[in-house]
1. Residues that are of a type in the set (Ser, Thr, Tyr), under 19 Å from Gln37 (Cα atoms), within 22 Å of the chain's Cα centre (by Cα) and open to solvent by less than 10 Å² (accessible area, probe 1.4 Å): does region 224-236 have at least one?
2. Quick test for you: out of Val254, Val260, pick the one residue that is open to solvent by less than 20 Å² (accessible area, probe 1.4 Å) and over 24 Å from Asn201 (Cβ atoms).
3. Looking at this structure, is Ser129 closer than 30 Å to Val214 by Cβ, open to solvent by 20 Å² or more (accessible area, probe 1.4 Å), of a type outside the set (Asp, Glu) and at pLDDT 95 or above?
4. So Asp264 ticks every box in (1) within 30 Å of Arg194 (Cα to Cα); (2) touching a Pro at 6+ places or on another chain (Cβ under 8 Å) but one. Which box is left unticked?
5. If Pro324 passes every condition in (1) open to solvent by 50 Å² or more (accessible area, probe 1.4 Å); (2) in a helix (DSSP H, G or I); (3) at pLDDT 95 or above but one, which one does it miss?
6. Hey, Pro154 hits all of (1) under 18 Å from Ala313 (Cα atoms); (2) more than 26 Å from the chain's Cα centre (by Cα) but one; which does it fall short on?
7. If a residue has to be open to solvent by 20 Å² or more (accessible area, probe 1.4 Å) and touching a helix residue (DSSP H, G or I) at 6+ places or on another chain (Cβ under 8 Å) to count, how many in region 288-313 make the cut?
8. Can you name every residue in region 151-185 that is open to solvent by 20 Å² or more (accessible area, probe 1.4 Å), out of contact with any Lys or Arg (no Cβ under 9 Å at 6 or more places or on another chain) and in contact (Cβ under 8 Å) with a residue 40 or more places away in the chain?
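The values are calculated or read from the model by the stated rules, or taken from the named source; none is laboratory data. Predicted model only: the values in this text are computed from it and were never measured. Neighbour counts run over all protein chains shown; Cβ positions are idealised from the backbone, glycine included. With ligands, DNA and RNA removed, areas are computed over all heavy atoms of the protein, side chains included. Shrake-Rupley method; radii C 1.70, N 1.55, O 1.52, S 1.80 Å.
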Amino acid sequence: MGRVGRALAMLVTAGLVAGLSACGGDDGPTLTLYNAQHRDLIEVLLDAFTEETGIEVEMRSGGDAELANQLVQEGDSSPADVFATENSPAMTLVERAGGFSPLDRATLDQVPDQYVPSSGAWTGFAARSTVFIYNREQVTEDELPASITDLSGPQWQGRVGVAAGGADFQAIVSAVLAVEGEDATADWLAGLKRNAKIYDNNIAALRAVNAGEVPAAVIYHYYWYQDQAESGESSRNVDLHYFKNQDAGAFLSVSGVGVVAASDHQPEAQRLVSFLTSEAGQRALVDSGALEYPVSGQVTANPALPPLADLDAPDIDISTLNGPRVIELMQQADLL
């Protein structure tokens, strides 16, 4: 083979290798997931997806607002194929910027309407209930608040903890805003500024309540259930109170997932979202031990959890949850 022939052969070989690398082998492209959900849970789900489809997924992790704002800034140049969040307000931020491709109708049909925004631009794939946790030695049952808005009252001064800087609590505030309106939410946040002890995250708040550092806190349910399923070390003195009665404190936060409009791999990205909401994907979620709720009616939650139907959550169109306005209101209350 002459010099030109050898050069051509090298170019062809290099092209084949690059093509295989870009396509993730014979099974299609390697997808890029911008992920704001818990990494250990998503890894379980992605392993199940790859096992079923042969499609590899590269994950880039960050916070809800961080990745949502990054997607908006990247626009048509984003390398992301799919975006998954812990809480839904970040999904709405991307949707309002035109950042999602419409989901396949068959995917949307796998999820009950309350877990899908009215636009159908993305879908929920997991849910978490807001709960009031309390140290049973410091709070009696007759002291339990009837509503989350009661926590702004003088009886809770210095007696309640919140992770104000986290996306979880900000999503809960978005539910208060949706249910109670802006004026009532502003008053409630001002009361929390007077009353609440601020923690870095839900786990820190749970540990503080367990240790008696603060009598009560607002978190998501699964932090308590996960600790109970492991050692119980951070929750042995803690009980749960569900607000129910369609109170804003009974809010079900939905973890969302959608196909990024800038994706060059639309069919495969649609397939990943479809898998996460399918019976197989929802079963993998339940079997993961994460103790979050599946949203598909085809799969039952872990039996340790109270049924979703018993939580009597408020009826909120998740596409109306206003994350940016929540940040403004919390800043005005000096909680951020």
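1. No; the residues of region 224-236 include none that is of a type in the set (Ser, Thr, Tyr), under 19 Å from Gln37 (Cα atoms), within 22 Å of the chain's Cα centre (by Cα) and open to solvent by less than 10 Å² (accessible area, probe 1.4 Å).
2. Every option except Val260 fails the conditions.
3. Answer is no for this residue.
4. (1)
5. So the condition that Pro324 fails would be (3).
6. (1)
7. 9
8. Those that are open to solvent by 20 Å² or more (accessible area, probe 1.4 Å), out of contact with any Lys or Arg (no Cβ under 9 Å at 6 or more places or on another chain) and in contact (Cβ under 8 Å) with a residue 40 or more places away in the chain: Gly165, Ala167, Gln170, Ala178, Val179, Glu180.
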